[in-house]
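Working notes, beginning with the structure itself.
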Amino acid sequence: MIVEEFMDNSLLDEEEIKEHSYEKCRLKVEEKVKKYLKATFKFMNLIPPRITVNYEMRYNSFTPNAIDKVGNYVERKVDAEREAREIYSTINQVWDRLSYNERVYFTEVLLYKHSENCAIEKMKDASRHLLKQIKESCVIKVAMAFGEDE
């Protein structure tokens, strides 16, 4: 019997990481995270996914998408809300493909803006040396999920 909690996704190896521009990927991921955070306050009817203490993603139910053709303002708002839903959905989909340590890095450093030292303390079997591979692997995987890895 395989115990699911011991299964973990692997990090990208150094060769796979070198195939991508980490700096470009990081900028794109930071842009998406900024939109994600802004959407959590801008669209109060959207409930963003919750991250549990075990770094698992949990969704609450969304309200149906309301479209009202009153003018450009409403159209822009609906488009922005749709983009927020797409960002939430993409993050949820990539979440299952991240390793535990990548989830910790994403949550602690990219979302909550804590230090890398804080993230290392919460990671399993991680060190300062391994952190470079964890963060690059995390950022590149998320950028690939958004189609922004070029």
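Tabulated data
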quantity	calculated
Extreme residue, surrounded by the most Cβ atoms within 10 Å (Cβ to Cβ), among residues of the stretch 119-150 that are among the acidic types (Asp, Glu) and within 23 Å of residue 53 (Cβ to Cβ)	121
Residue that is modelled with the highest pLDDT [pool: residues in the stretch 1-57 that are surrounded by 13 or more Cβ atoms within 10 Å (Cβ to Cβ), more than 18 Å from the chain's Cα centre (by Cα) and charged (D, E, K, R)]	16
Matching residues, the stretch 97-136, being of a type in the set (Asp, Glu) and touching a Ser or Thr at 6+ places or on another chain (Cβ under 8 Å)	102
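The values are calculated or read from the model by the stated rules, or taken from the named source; none is laboratory data. As the structure is a prediction and not an experimental result, all values here were calculated from the model. Positions of Cβ are generated from backbone atoms using ideal geometry, with glycine treated the same way; all protein chains shown enter the neighbour counts.
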